[in-house]
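*Asks:* Structure incoming, see below.
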Amino acid sequence: MNDETKTEPGPVNRPRLLFDYDHIEAKPAVEPPLPTSYAAQNHVPNPYQNSKLTHEKILSIRSKATNQGDNIQVDFAQPSELYPDSFPYFVRGRDSLRCYITSLFLSEIAMYDGAMGTMIQNYAKRNRLEESEYRGEKFKDWSCNVKGNNDMLSITQPDIIKGIYKQYLEVGGSNLIGTNTFSSTTVAMADYAMEDYAYELNYEGARLAREACDEVTAKDPTKPRFVVGAIGPTNRTGSISPSVEDPSARNVTFDELVETYFEQIVGLMDGGADILMVETIFDTLNAKAALYAIGEYLDFTGLDIPVFVSGTLVDQSGRTLSGQTGEAFYASIRHAKPMCVGLNCALGATHMKPFLERLSKVVECFMHVYSNAGLPNAMGGYDDTPGIMIEKNNVFF
């Protein structure tokens, strides 16, 4: 037989090799995938006794805190007999928040608060809120201008921030409110030379929210209110160069992001946060750093803290600033077993709908959405009124 008559053998179809998990009978999911820790797998309630958390890394952060000598409260457990022992009641230290959130999200559409920045701006339209008010007594001799540093108002103007929390709870009917800590990291606070105050900013932002939630819950214990520790993206990106001349340049490392996020998490939890939310993520590497820091905290403490993640698609291309689609973003962070994933900011409800619908087809957990008041106009403002937003957001219901 000469070479011209030889033929290549055709493909051979063989049955796929089966593994042990192929023989496990499929069961309907009754809750989102659980993190692998003992506390999460067994729905162990958070005891809310943070004073007993004595890992050296946590103690080091507390020892350097600017409010370290103020005899601050870090334990928030409630008497087990405070409210009845069944849903919809909830008692900290007695009940599993993971179980409660699952029951809540399966029984109704829960409400999260709105923007903190615009509420502060609205307050400033009716009241004086200038440089001196931002500084307060504590920072009256600060070395640089601080107007615009909304997070520091948790320290210098706590009544304003708590008042906004109360409005979202009492008027808006929110089940969950985010803390005024979007930029409360050492990385972001470097703009105001306030890196040393990161722990205190997070602690006070969470403590005020804790007080507001407890006061409103006491009026109607059948609707418990929860504090969501808001972890923003910082003002630096781990995967995008700040220099058009040098694509390889970075102004922050992954390890630096993990360190700054870990300090933020300790402050939020010491202040009484129930849930941690990594939000407004435009760079997935930043989100992964935040989730890594959360994982470290949970590993050091042995606690089960529900984690929410919220990405931001920067325009109608449906991609984050670092170039991922919503589905790719979820694939990048699903290892952290978030309890809830969704989208926020950048787009209005109409433009956000198709991207949220696509995301809903791949996520294995609960979903959330909080949209902008449409897209910015030519002047950088937003044209949607509350009435228009109600109409456009009906699409999500």
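*Asks:* Looking at D304 and the list (1) farther than 18 Å from P233 by Cα; (2) touching a residue at least 40 places away in the same chain (Cβ under 8 Å); (3) part of a helix (DSSP H, G or I); (4) not small (G, A, S), which single condition is not satisfied?
*Replies:* Going through (1) farther than 18 Å from P233 by Cα; (2) touching a residue at least 40 places away in the same chain (Cβ under 8 Å); (3) part of a helix (DSSP H, G or I); (4) not small (G, A, S) one by one, D304 breaks only (3).
*Asks:* Pairs, please: C-beta under 9 Å, at least 6 apart or cross-chain, first residue within 20 Å of S184 (Cβ to Cβ) and at pLDDT 95 or above and in segment 59-82, second of a type in the set (S, T, Y) and in a loop (DSSP other than H, G, I, E, B)?
*Replies:* F76/Y48
*Asks:* Are there any pairs, at least 6 apart or on different chains, whose C-beta atoms fall under 6 Å, with the first in segment 175-187 and closer than 19 Å to F90 by Cα and the second open to solvent by 10 Å² or more (accessible area, probe 1.4 Å) and at pLDDT 95 or above, and if so, which?
*Replies:* Pairs found: N175/A110; N175/M111; L176/Y112; I177/Y168.
*Asks:* Among the residues of segment 189-207 satisfying the criterion of being without any contact (Cβ under 8 Å) to a residue 60 or more places away in the chain and open to solvent by less than 10 Å² (accessible area, probe 1.4 Å), which is farthest from the chain's Cα centre (by Cα)?
*Replies:* Of segment 189-207, the ones without any contact (Cβ under 8 Å) to a residue 60 or more places away in the chain are 189-195.
Still in the list and also open to solvent by less than 10 Å² (accessible area, probe 1.4 Å): 189, 194.
Values: M189: 18, M194: 22 Å.
By that ranking, first place goes to M194.
*Asks:* Out of the residues in segment 19-38 meeting the condition of being free of Cβ contacts under 8 Å to residues at least 12 places away in the same chain and acidic (D, E), tell me which one is surrounded by the most Cβ atoms within 10 Å (Cβ to Cβ). Working first, answer last.
*Replies:* Filtering segment 19-38 down to residues free of Cβ contacts under 8 Å to residues at least 12 places away in the same chain leaves 19-28.
Now drop any that are not acidic (D, E), which leaves 20, 22, 25.
Details: D20: 6, D22: 8, E25: 4.
Looking at the filtered set, the residue picked out is D22.
*Asks:* Still on this structure: May I ask you to list the residues in segment 139-195 that are more than 30 Å from T253 (Cα to Cα) and of a type in the set (D, E, K, R)?
*Replies:* Scanning segment 139-195 gives K140, D141, D159, K162, K166, E170.
*Asks:* Looking only at segment 260-283, which residues are open to solvent by 10 Å² or more (accessible area, probe 1.4 Å) and either part of a helix (DSSP H, G or I) or free of Cβ contacts under 8 Å to residues at least 40 places away in the same chain (or both)?
*Replies:* Initial filter on segment 260-283 (open to solvent by 10 Å² or more (accessible area, probe 1.4 Å)): 263, 279-280, 282.
If the condition is that a residue be open to solvent by 10 Å² or more (accessible area, probe 1.4 Å) and either part of a helix (DSSP H, G or I) or free of Cβ contacts under 8 Å to residues at least 40 places away in the same chain (or both), then E263 is the only one that fits.
*Asks:* While we're here: Does at least one position in segment 369-383 carry a residue that is of a type in the set (A, V, I, L, M, F, W, C) and either loosely packed, with under 15 Cβ neighbours inside 10 Å or touching a Pro at 6+ places or on another chain (Cβ under 6 Å) (or both)? Working first, answer last.
*Replies:* Applying the first criterion (of a type in the set (A, V, I, L, M, F, W, C)) to segment 369-383 yields 369, 373, 375, 378-379.
With the extra rule that they be either loosely packed, with under 15 Cβ neighbours inside 10 Å or touching a Pro at 6+ places or on another chain (Cβ under 6 Å) (or both), the set shrinks to 378-379.
Yes, because at least one residue in segment 369-383 is of a type in the set (A, V, I, L, M, F, W, C) and either loosely packed, with under 15 Cβ neighbours inside 10 Å or touching a Pro at 6+ places or on another chain (Cβ under 6 Å) (or both).
*Asks:* Here's something else I'd like to know. Inspect segment 330-345 for any residue being assigned to a loop (DSSP other than H, G, I, E, B), open to solvent by 10 Å² or more (accessible area, probe 1.4 Å), touching a residue at least 60 places away in the same chain (Cβ under 8 Å) and not aromatic (F, W, Y) and give the result as yes or no. Steps first, please.
*Replies:* Here is the first cut: in segment 330-345, the residues assigned to a loop (DSSP other than H, G, I, E, B) are 337-339.
Going one step further and asking which of them are open to solvent by 10 Å² or more (accessible area, probe 1.4 Å), we end up with 337.
Applying the additional criterion that residues be touching a residue at least 60 places away in the same chain (Cβ under 8 Å) yields 337.
Imposing the further condition that a residue be not aromatic (F, W, Y) reduces the set to 337.
Yes, segment 330-345 has at least one match.
*Asks:* Let me ask another. What number of residues in segment 1-48 are over 24 Å from A336 (Cα atoms) and either modelled with pLDDT of 95 or more or small (G, A, S) (or both)?
*Replies:* 1
*Asks:* Could you grab me the full set of residues in segment 346-378 that are at pLDDT below 95 and in a loop (DSSP other than H, G, I, E, B)?
*Replies:* Correct list: A373, G374, L375, P376, N377, A378.
*Asks:* Show the residue pairs meeting these rules: Cβ distance below 7 Å; 6+ apart or different chains; first residue within segment 242-259 and touching a residue at least 24 places away in the same chain (Cβ under 8 Å); second residue open to solvent by 100 Å² or more (accessible area, probe 1.4 Å).
*Replies:* V258/Y292
*Asks:* Hey, among the residues in segment 39-67 that are assigned to a helix (DSSP H, G or I) and farther than 18 Å from A293 by Cα, which one's most open to solvent (accessible area, probe 1.4 Å)? Break it down stepwise before answering.
*Replies:* Kept after step one, since they are assigned to a helix (DSSP H, G or I), are these residues of segment 39-67: 39-41, 50-52, 56-63.
From what's left, farther than 18 Å from A293 by Cα: 41, 51-52, 63.
Working: Q41: 90, S51: 61, K52: 139, S63: 72 Å².
Across segment 39-67, the extreme among qualifying residues is K52.
*Asks:* State all residues of segment 346-368 that are surrounded by 20 or more Cβ atoms within 10 Å (Cβ to Cβ) and among the small types (G, A, S); if no residue qualifies, say none.
*Replies:* Across segment 346-368, the qualifying residues are A346, G348, A349.
*Asks:* Can you pull out every residue in segment 119-175 that is open to solvent by 50 Å² or more (accessible area, probe 1.4 Å), among the acidic types (D, E) and more than 21 Å from N67 (Cα to Cα)?
*Replies:* E130, E170
The values are calculated or read from the model by the stated rules, or taken from the named source; none is laboratory data. What you are looking at is a predicted structure, and each value in this text was computed from that prediction instead of being measured. Ideal geometry is used to build each Cβ from the backbone, glycine not excepted, and the neighbour counts take in all protein chains shown. To get the accessible areas, we keep the full protein, side chains included, count just its heavy atoms, and leave off ligands, DNA and RNA. Shrake-Rupley method; radii C 1.70, N 1.55, O 1.52, S 1.80 Å.
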